[in-house]
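Before any comments, here is the structure.
The values are calculated or read from the model by the stated rules, or taken from the named source; none is laboratory data. Here the structure is a predicted model, which is why all the values come from computation and not from measurement. Here the Cβ positions follow ideal geometry from the backbone for every residue, glycine too, while neighbour counts run over all protein chains shown.
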Amino acid sequence: MALLHSKIIGKGEPLIILHGLLGMGDNWISHARALAEEGFEVHLIDQRNHGKSFHSDEMDYEVMVEDLFTYLKEKKLNKIHLLGHSMGGKTAMFFAMQYPDMIKKLVVVDISPRAYSPHHDFIFEAIESLSLEQNSRKELEKKLAEKLPNKSIALFILKNIKRNKTGQFEWKPNIEVLKDSLESLGEALPPVSVFDKPVLFIRGEKSPYIQKEDISLIKAHFPNVHIITIPRSGHWVHAEQPLLFRSYLLDFLKKS
């Protein structure tokens, strides 16, 4: 089985970080460096069909959980801290239910265990409208900005473009498979699943992803949970309020 690509920073307690849809491990590099200074060995994972990891026609939480299990076995990691944002948070939740003995603490960033209907169509429409024959990243950024609601999303998507060996732009992620998998990526946790080790949920105050009515569901799946709301932040809470985010994260991870 193919192994997920990762970047490993620091030495100490293993902390695995899983990015969201159309993200990659490198999105978390500044956090990883700061966490490494606090005594963590941070593994920035590229999930399948993202970043530098392998492409596959299969894309659901069952296979992503097995990808992570294979990675941990290869790296000889057993008792880990696991953090996931958005789609990565769902992967982390599913993993915790299936392999609870491998996890010390779980951190879920701005995603609920409930089902989500596909809601990224506007992003994929913008991606598909883009011609990668443009001569510069500035041109690509301008075209994306015309199609997307704000510049930050355009810049986030732009990180998924690289130059190949011939100098042409190409996508890092497997765009077609991701688009076709949006329904399965909205899947809810199985209703009877429970993980009773320490869990931290971090939500953005302005984000719609975790609603008040989700709190009881979160507590049903994760009875030993602490839920934090970070002010003046949306879905990318770790990027919008990085210092406050990391402060809450470290308080949780270092608590005995």
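Restricting the search to the range 120-143, which residues are within 23 Å of residue 233 (Cα to Cα) and in a helix (DSSP H, G or I)? Before you say what the answer is, go through the steps one by one.
Quick first cut of the range 120-143, residues within 23 Å of residue 233 (Cα to Cα) only: 120-123.
Those that are within 23 Å of residue 233 (Cα to Cα) and in a helix (DSSP H, G or I): 121, 122, 123.
So which residues in the range 40-91 are closer than 14 Å to residue 3 by Cα and in a helix (DSSP H, G or I)?
Once the filter is applied, which keeps residues that are closer than 14 Å to residue 3 by Cα and in a helix (DSSP H, G or I), the range 40-91 yields 63, 64, 65, 66, 67, 68, 69, 70, 71, 72, 73, 74.
Report whether or not residue 117 is buried (at least 17 other Cβ atoms within 10 Å of the Cβ), touching a residue at least 40 places away in the same chain (Cβ under 8 Å) and outside any strand (DSSP E or B).
no
List the pairs whose first member sits in the range 188-206 and is under 15 Å from residue 86 (Cα atoms), whose second member is among the aliphatic types (A, V, I, L, M) and exposed (fewer than 15 other Cβ atoms within 10 Å of the Cβ), and whose Cβ atoms are under 8 Å apart, counting only residues at least 6 apart or on separate chains?
Matching pairs, first to second residue: 188/115.
Condition check: within 17 Å of the chain's Cα centre (by Cα) and among the aromatic types (Phe, Trp, Tyr). Does residue 195 satisfy that?
Details: within 17 Å of the chain's Cα centre (by Cα): no; among the aromatic types (Phe, Trp, Tyr): yes.
For residue 195, the condition - within 17 Å of the chain's Cα centre (by Cα) and among the aromatic types (Phe, Trp, Tyr) - is not met.
Listed here are the residues, each with its yes/no results for (1) surrounded by 16 or more Cβ atoms within 10 Å (Cβ to Cβ); (2) under 22 Å from residue 20 (Cβ atoms); (3) touching a residue at least 40 places away in the same chain (Cβ under 8 Å).
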site: 134; (1), (2), (3): no, no, no
site: 139; (1), (2), (3): no, no, no
site: 157; (1), (2), (3): yes, yes, yes
site: 167; (1), (2), (3): no, no, no
site: 170; (1), (2), (3): no, yes, no
site: 174; (1), (2), (3): yes, yes, yes
site: 179; (1), (2), (3): yes, yes, yes
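Only residues that are of a type in the set (S, T, N, Q) and touching a Pro at 6+ places or on another chain (Cβ under 6 Å): list them for the range 28-57, please.
49
Pick from 170, 125: which is farther than 24 Å from residue 15 by Cβ, modelled with pLDDT of 90 or more and touching a strand residue (DSSP E or B) at 6+ places or on another chain (Cβ under 9 Å)?
Values: 125 fails: touching a strand residue (DSSP E or B) at 6+ places or on another chain (Cβ under 9 Å).
Answer to the selection: 170.
Which of the following residues is over 20 Å from residue 86 (Cβ atoms), of a type in the set (Phe, Trp, Tyr) and not assigned by TED's automatic domain parsing to the domain that holds residue 32: 169, 156? Give the steps one after another, and end with the answer.
Values: 156 fails: over 20 Å from residue 86 (Cβ atoms).
Matching residue, one of 169, 156: 169.
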